[in-house]
Amino acid sequence: MKLYLSGLCCALLLICGPAGAQRISKAEVSRIISVLAADSMQGRATYSPGIEMASLFIEDEFKKAGLEPLPGLTGYRQAFATVGRRIRPVDSVTAEENPRYLHNVVGMIRGTDKPEEYVIFSGHYDHIGIQKAEAEDSVANGADDDASGITAVILLANYFKQHPPARSVIFAAFTAEEIGGFGSRYFSQQLAPEKIVAMFNIEMIGKESKFGRNSAFITGFERSDFGTILQKNLEASTFRFHPDPYPEQRLFYRSDNATLARLGVPAHTISTTQIDKDTLYHSVNDEVESLDMQNIADIIEAIAVSAKSIVGGVDAPTRIAKEEKQ
């Protein structure tokens, strides 16, 4: 994020077997986050060798999940160029402009009944790279920000591949969120916004929220009935989605949901960060060891359950009022 659920009870029977065994594995959560937040990834800074390594790992996970490329792409890389702070299609730049190249990692599951309607699950895979050393550690690993969100995207891809959705579902790992949301800005230009039913952007779910376990908050909760629909699908559980408790931080416009939200899409970020007291944020101490793997698994499972009627083609959240750039 720029600057700025344990025990789901009865509702989990919707996605669990007769004995209530959890489908989102704590071990898989730990495996994926540990790779993305490893020192070898060098903090996943934009344009760095480390972010390329992270991209290759995410692509491999999407391939194992059996995702399709988006229409018009031959693989999972959605490539674009940057010229200064402008984003451009790759084929629109010349060498004289000194372009630099980036890519999102995106895949999809085509819907069974409403394939031209899209639901998006997203997070960002970049972080802030190498920083001033503290106790001989200079790698800002970004375990919570946002390896936790990308872990959710990967595991939700695996889940929905086993539970085919009625609407097409896109899984997006965005690049360059930390330096201006370049990846999500480019992505938002590739689909007609009226075809996007909802966006679940997932950022910093590595620790308990201020509301305790079995909880998360949704930015811009009051701007659509997205949160109300999610909570309805969890009515038999103890899990609760809360409105953003940090309105002064203006988090709604500080993550990758913002570009599509400005275009009227019910695009919200789900998070648990206690951003007013998180001393590890954007530091070399945002390490895997600081995270609660079971809590992350529970939150991902709650997202899967809560999304059921949206991906299933039953519910469509109300549109967000279009706004000028904030």
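Given the condition over 19 Å from the mean Cα position of the chain (by Cα), closer than 23 Å to THR318 by Cα and either modelled with pLDDT of 95 or more or among the basic types (Lys, Arg) (or both), answer yes or no: does some residue in the stretch 206-222 qualify? For the stretch 206-222, residues over 19 Å from the mean Cα position of the chain (by Cα), closer than 23 Å to THR318 by Cα and either modelled with pLDDT of 95 or more or among the basic types (Lys, Arg) (or both): present. Here is the figure for the stretch 117-152: residues that are part of a strand (DSSP E or B), of a type in the set (D, E, K, R) and modelled with pLDDT under 95 total 3. Sub-7 Å Cβ pairs linking a first residue in the stretch 24-42 that is under 14 Å from ASP292 (Cα atoms) to a second residue that is of a type outside the set (D, E, K, R) and part of a loop (DSSP other than H, G, I, E, B), at least 6 apart or interchain, are ILE33/LEU291, ordered by first then second residue. Figure legend. Inter-residue proximity from the stretch 231-254: first residues under 15 Å from PHE200 (Cα atoms), second residues of a type in the set (S, T, N, Q) and part of a loop (DSSP other than H, G, I, E, B), beta-carbon distance below 7 Å, spacing 6+ or different chains. Indicated pairs: ASP244/THR219; LEU251/THR219; PHE252/THR219; TYR253/GLN326.
In the stretch 273-280, is there at least one residue being more than 26 Å from ASP39 (Cβ to Cβ) and buried (at least 19 other Cβ atoms within 10 Å of the Cβ)? No, the conditions are met nowhere in the stretch 273-280. Restricting the first residue to the stretch 284-304 and requiring it to be surrounded by 24 or more Cβ atoms within 10 Å (Cβ to Cβ) and of a type in the set (Gly, Ala, Ser), which pairs with a second residue that is modelled with pLDDT of 95 or more and outside any helix (DSSP H, G or I) meet a Cβ separation below 6 Å and a spacing of at least six or different chains? Taking only residues 6 or more apart or on different chains, the pairs are ALA302/PHE239. Can you find, within the stretch 63-98, the residue that is surrounded by the fewest Cβ atoms within 10 Å (Cβ to Cβ) among those that are among the hydroxyl-bearing types (Ser, Thr, Tyr) and over 17 Å from GLU52 (Cα atoms)? Checking each candidate, the answer is THR74. In the set (1) out of contact with any Phe, Trp or Tyr (no Cβ under 7 Å at 6 or more places or on another chain); (2) assigned to a strand (DSSP E or B); (3) crowded, with 18+ Cβ neighbours inside 10 Å; (4) not acidic (Asp, Glu), the condition left unmet by TYR101 is number (3).
The values are calculated or read from the model by the stated rules, or taken from the named source; none is laboratory data. Predicted model only: the values in this text are computed from it and were never measured. With ideal geometry, Cβ positions are generated from the backbone for all residues, glycine too; neighbour counts draw on all protein chains shown.
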